[in-house]
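Okay, so here's the structure we're looking at.
Derivation of every value follows stated rules applied to the coordinates shown; laboratory data play no part. Everything numeric in this text was worked out from a predicted model, so none of it was measured. Note: ideal-geometry Cβ built from the backbone for every residue, glycine included; neighbour counts use all protein chains shown.
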Amino acid sequence: MKKEQNTSCPRVDIGGQAVMEGVMMKAPRAIAVSVRRPDNTIVTKLTPYTPVTEKHKWMGLPVIRGVVNFVHMLTMGMNTLQQSTDMLGIMDEEPTKFEKWLSKKLGKGIDKIVMATAVVLAVILSVGLFFVIPELVARGLKALMPDPGMNWLINLLSGIVRILILIGYILFCCTVPDVRRTFQYHGAEHKTVYCNENGLPLTPENAQTFSTLHPRCGTSFLLIVFVISIVLFTLVGYQGTNYFLRLGSRLLLLPFVAGISYEVLKGLAHSKGKIVEWLRWPGMQMQRLTTKEPTPEMLEVAIVSMNVALHGLPEGCETTPEGYTIIRDYRVTDPSYVPEAAEAPAQPVDAPETLKEKAEEAKEAAKESLGADEE
């Protein structure tokens, strides 16, 4: 049975994200991204980080900080995914003529254009799946149940539709092999975070003993968002029959839903008690869909990111032409690691001719010694 932390996490939270063949770890002052390349080496990149709440104190206020964090994690998540792909070095093919033309016309690199397009498509897909379709369902239910007293039931059912769409979407993603591997790295991230929170040395053996389910996971956050949205949409959302007003009011309330959900997530993660465990349970179970058991090699990548985010890059490592640090042994990222003493160099082996000469000399010496004994 895998160990779980006492689920009361330290106040200095180390968060992370699974990326393509790797893990990102975010410490209070730095962000580290590490991936394992096809040649089995690990490359890592360290980026200094200053919380926006230090520059703008008001952004650290309750609820507001949740909105800020939600937007930050979305933008950082997309950038990190693109960065991990670049670090893998698998997308270095020559751009097509159309890509070159598009890049020239827009004045930006093709990678930025692709990323911007991906963000736009992701937003459209999210709005379509989690707002447009559920509100169409709500519109149909409204026609069947026009009584204003049934609004709570309509909002509840449309919220359940959102949750079912989310589960179906995740299950569909699980059928893609690359996504399944990313879910394994997601598990490696959680196990490594647990290992660090429990004060154990960061090794694959120690990390493997922990659960892949963590109370601060983004999957739990999504479920909390959907539950809070049901409550908020019922209390202050537009309840009329105009479909576009219903949809618009839900989209306008989304930042408040995200802010409140963030506070709920942190409160549940840092609290103890049976009631807290029951409230946390649904989100933890949802993580069984988005996390898988990692291999020891995947844990090594997560450990590299954790150590680099906390302690910085190790000295004396090679770098790639792009400037990424090459890690050939995950242990070198631990400041307390002391390399084993180098083995004594092997003695040089004599050439066959030299061995033959030495054998002849030994025979002559033996003969002389025999002659001396006879005398």
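Per-residue 3J(HN,Hα) values for the stretch 127-140, derived from phi via the Karplus relation 6.51 cos²θ - 1.76 cosθ + 1.60 with θ = phi - 60°, read 4, x, 6, 9, 10, 4, 5, x, 6, 5, 4, 5, 5, x Hz in sequence order (x marks Gly and Pro).
Close amide H partners of G16, meaning residues 5 or more places away or on another chain with modelled amide H under 5 Å apart, are K26. When peptides 296-304, 75-83, 182-190 are ranked by their average number of other Cβ atoms within 10 Å per residue, the highest-first order is 182-190, 296-304, 75-83.
Taking a ≥ b ≥ c as the square roots of the eigenvalues of the Cα gyration tensor, an a/c ratio of 1.5 or more together with a/b larger than b/c marks the stretch 202-333 as prolate. Pairs exceeding a 25 Å alpha-carbon distance, out of K142/K266; K57/K274; K191/K272; K45/K266; K57/K191: K142/K266; K57/K274; K45/K266; K57/K191. A simple count of charges around V332, restricted to other residues whose Cβ falls under 15 Å of its Cβ and scoring Lys, Arg +1 and Asp, Glu -1, yields -4. Annotation: the residues R180, R65, sorted from fewest to most other C-beta atoms within 10 Å of their own C-beta, follow the order R180, R65. Per-residue Karplus couplings for the stretch 319-327, computed as 6.51 cos²θ - 1.76 cosθ + 1.60 with θ equal to phi - 60°, are listed in order as 10, 7, x, 7, x, 7, 7, 8, 10 Hz, Gly and Pro entered as x.
Shown in residue order for the stretch 263-275 are the 3J(HN,Hα) couplings computed by the Karplus curve 6.51 cos²θ - 1.76 cosθ + 1.60 at θ = phi - 60°: 5, 5, 4, 5, x, 5, 5, 9, 10, 10, x, 4, 4 Hz (x for Gly and Pro).
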